[in-house]
Structures are given as C-alpha cells and as structure tokens.
Amino acid sequence: MSLQTSRFQGQEIVNSFNIFIDTEKSSLVGDRTSQGDDTKIHFEGQTIEAKDGELIRISLLNFTMFNNTYMVNQNNGRFNIRGTDGTAFNETVSIAHKNYLNLKDLATAFATSVATELTSQTVASSFELTSIAPATTTMGSTDDRLLEITLTAKNGSGSTIAHGLTELHIQIPESVGDAYCLLGGLRQDDTTDTDFNSLIVTAASIASGATTVKIQGYFPMQRLTDPYVYLRCNNAQNGLEMSVLSNDRGRYNADIINSDILAKVFKDVEYISYNSATGDEYFMNLQQRKLSNLRLFLTDSKGRKIGRLSSQRDLGTAAGKETAGVFDNKFQSTLGNLYFTAVLRVDIIKMFEPAKLQSVGVKPPPKARESQSVLTWQNYGQPKY
C-alpha cells in the first residue's frame, strides 16, 4: 500500500479507517448505558492498534443532528426574585422554556414570569404588563435591544392599586444559570450580597403607595446563550481549553486545562451540523497504542449536558413537555429524538524525527586485521618492496 503524505511535518499516514456513527439506538447495544447524546462505542473484535513509532489520530469528518433543544432552557431561563411585602420572600422563577422568534417575545415571557410571582406574593390580584421594550418584533431593526418592562398592580375588579412592595431584587447567581445573558443583566458572583440586583429595579417601584414595578436591563438582550454544541471524547489527550468550558460555576485555579473537546459545532434553527473541509480541523492524537472503545458526548459551553443543569447529568431529556418545571418524559435521548450521526476518520500515523536519519545506515568494512579474506596488494605507482 502506498503511503499518504500528511500535512503535519514529519508524519506519514500508513493506514486509515472511517467509522460511521448513529447514536439513535445506542442504548440497545453494548453495556446498555449509552444515550443518544452520550454514547459508548466498543470495538469488539475490531480493535485498532498502532505499532512502535506510530500513533492513532481521530478526526471528525461529519456531524449532524436535529436541533431538538430550546433557546431558553433549564440552564438559562431561571432567576431569583427577592422582595418584601410585609413578609420577606425569595423564590426561583423560570422563563417558559421554548424558542423565541424575537426579543419582544422573550421580554414578554420574562414579564409574565415576574407578574405571576409578584401576584402570588403581594395583595394584588394581578399585575398587568403596561409597557415593554424592545417593542419591535423584527430582528435586526433599529433598536437598542434593552429590556424595559412596567407592571401595574390590579385588584379583582381591574382597578389599579398599591402593590405594597417595600423591597424588590432580581438576582441571577451562577447557581441558577445564564439568564443574565438573555436579559442583558449582571451575573451575581457574591451570593451573600442580598441587596444585589442583576437588573435595574427603579426606586419608584418600591416607594410608599407605588402601583407599578419597572425593571430595566443594563445591556442588550439576546435570544440564546449557546450557539454551539461541544462534541467531547473521553480519549482526547492532546487538546487544551479554557477552564470555564468545563465548569459552570465557582472560581478557577487555572486558565488553561487539558481538554476532552473534539469539536465545536454551530447550531442552526433546525439542524446542528458540520462538514470538514480538509479533514484536519478537528482531531486528537491518542497516547495509547490500542483503540478498543470510545465515548462521545455532547455538552454546552460550560460542560453541562445540553439543555440540562449540572445536577441533571442522568436526565435524558433536554426539551419537551413540562409540568411545573419538570419534564413529563425523561427518555428523549434513549427513546426520542435527541441523538446524532457522525463520521470519524482514524489514521495510523508514523512519526519521524526530521533531525535523524530514518534509513538503515551502511555498515562500515571490517578492519584489515579482522578480515577473513586475503588482502591483495594494489600497485599505485609505488614499488612493492
């Protein structure tokens, strides 16, 4: 077999294999613990092995899955409301998990969540949304994209009344997720600061006799927080990543750590897909000489299973019907439509050291006294004796 020349200097591909992967029914094969977004592949009887001076390289050629996840989900739709209306309260509230066509729809959903919670905590029978920004329903229009909502307290007959709030804070710590990015707010790093506000709650909102609550954002809103899916592999050993890509909270001891990320794949509206242009964009070199198993799994940009909290690693559903914030069915990744297909190329690479001679050297002739043959005198113009 003729050798292929690698674009990596001092390396030659001596053998290659394509591995075609479909994780839809991965829970039915192998050790039965696989899911559609976290699959274990066993090379039973097909172990790939490198010889001395060789290594195994795995490259991603193709990745495809349907985008059966939501822009707003468990990881970015929650926030805390802390306030006082005679009695102190502190509740975690969630924006409805779904896709949003525009920022006005997202701002409206946030306002609805706040209004529902304030209705349950105050004397008001309801809170009516009386003004909202962004007001446009067209993405890309002339707008500053800043959140601003006004809620007006109403009694049972629909008349405006004083809501009775004397304190109100919207707080988004790391523990509840990334909603501060969606809403254009501040992340709360110090959870001991009970007066912290991730969004602006105007002073007039908590003044004596106030009938309205006005909440504003600091920065432009956005409809989603994770435009990419990260394909990770437990065999990855030669990559590096920022430590924040594997941990959604806490302080970090190092900027750069060893990485198990094989690829970063863009999420479109309906599909999540990638096709390699050269075959060398996403790859990993293995240190072991034998490849007998492989684990491929998907995460978001903070190492969490897509659409799920860090504490929900065993949950098999990323999006779907919910009741009171809990998925009605937990088997999207085993019996449903949360799975992917991919094509991996496995190359056996022979490594060379350019500074060293790779061919076998010529053996020097034996010394005369060690030779077993008869030496013949050669006349080069000099007398023999």
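The values are calculated or read from the model by the stated rules, or taken from the named source; none is laboratory data. Just so you know, these numbers come straight off a predicted model, no measurement behind them. Glycine also receives a Cβ, built like all others from the backbone with ideal geometry; neighbour counts cover every protein chain displayed.
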Checking Leu240 against (1) assigned to a loop (DSSP other than H, G, I, E, B); (2) not assigned by TED's automatic domain parsing to the domain that holds Ile132, the condition it does not meet: (1)
Filter pass, Tyr230 being closer than 27 Å to Asn67 by Cα and either assigned by TED's automatic domain parsing to the domain that holds Arg289 or of a type in the set (Phe, Trp, Tyr) (or both): yes
Enumeration of residues in the range 173-195 that are buried (at least 19 other Cβ atoms within 10 Å of the Cβ) and not in a strand (DSSP E or B): Val176, Gly177, Asp178, Ala179, Tyr180, Leu182, Leu183, Gly184, Gly185
Residue in the range 159-166 that is assigned to a helix (DSSP H, G or I), surrounded by 14 or more Cβ atoms within 10 Å (Cβ to Cβ) and of a type outside the set (Phe, Trp, Tyr) present: no
Count of residues meeting criterion [assigned to a loop (DSSP other than H, G, I, E, B), small (Gly, Ala, Ser) and more than 17 Å from Lys330 (Cβ to Cβ)] in the range 18-59: 4
Failed criterion for Thr150 (all others in (1) surrounded by fewer than 19 Cβ atoms within 10 Å (Cβ to Cβ); (2) more than 20 Å from Gly77 (Cβ to Cβ); (3) at pLDDT 95 or above; (4) not aliphatic (A, V, I, L, M) hold): (1)
Answer from Asn62, Asn75, Asn68 - the residue that is modelled with pLDDT of 95 or more, under 30 Å from Ala342 (Cα atoms) and part of a loop (DSSP other than H, G, I, E, B): Asn68
Which listed residue is in contact with a helix residue (DSSP H, G or I) (Cβ under 6 Å, 6 or more places away or on another chain), assigned by TED's automatic domain parsing to the domain that holds Ser125 and over 21 Å from Val244 (Cα atoms), from Leu199, Leu168: Leu168
Scope the range 308-338; condition modelled with pLDDT of 90 or more and either of a type in the set (S, T, N, Q) or within 19 Å of the chain's Cα centre (by Cα) (or both); matching residues: Thr317, Ala318, Ala319, Thr323, Asn329, Gln332, Ser333, Thr334, Asn337, Leu338
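Considering each of Ala135, Ala109, Ala153 in turn, give the residue that is touching a helix residue (DSSP H, G or I) at 6+ places or on another chain (Cβ under 7 Å) and of a type in the set (Gly, Ala, Ser).
None of the other options fit; the residue is Ala135.
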Counted residues, the range 203-221 - those being crowded, with 18+ Cβ neighbours inside 10 Å, among the aliphatic types (A, V, I, L, M) and part of a helix (DSSP H, G or I): 1
Residue match in the range 33-44 (condition: modelled with pLDDT of 85 or more, surrounded by 14 or more Cβ atoms within 10 Å (Cβ to Cβ), closer than 26 Å to Phe352 by Cβ and assigned by TED's automatic domain parsing to the domain that holds Gln312): no
Filtered residues of the range 321-352 (kept if buried (at least 19 other Cβ atoms within 10 Å of the Cβ) and closer than 27 Å to Ser175 by Cβ): Phe327, Gln332, Ser333, Leu338
Some residue of the range 101-109 being in contact with a Lys or Arg (Cβ under 9 Å, 6 or more places away or on another chain), in a strand (DSSP E or B) and polar (S, T, N, Q): no
The listed residue being outside the structural domain of Tyr339 (by TED's automatic domain parsing) and under 21 Å from the mean Cα position of the chain (by Cα), out of Val93, Val72: Val72
Test: residue in the range 37-46 that is under 30 Å from Ser94 (Cβ atoms) and out of contact with any helix residue (DSSP H, G or I) (no Cβ under 7 Å at 6 or more places or on another chain): yes
Of residues in the range 60-105 being hydrophobic (A, V, I, L, M, F, W, C) and under 24 Å from Ser141 (Cβ atoms), the one surrounded by the fewest Cβ atoms within 10 Å (Cβ to Cβ): Leu101
Residue list for the range 113-130, filter: crowded, with 17+ Cβ neighbours inside 10 Å and in contact (Cβ under 8 Å) with a residue 12 or more places away in the chain: Ser113, Val114, Ala115, Glu117, Leu118, Gln121, Thr122, Ala124, Phe127
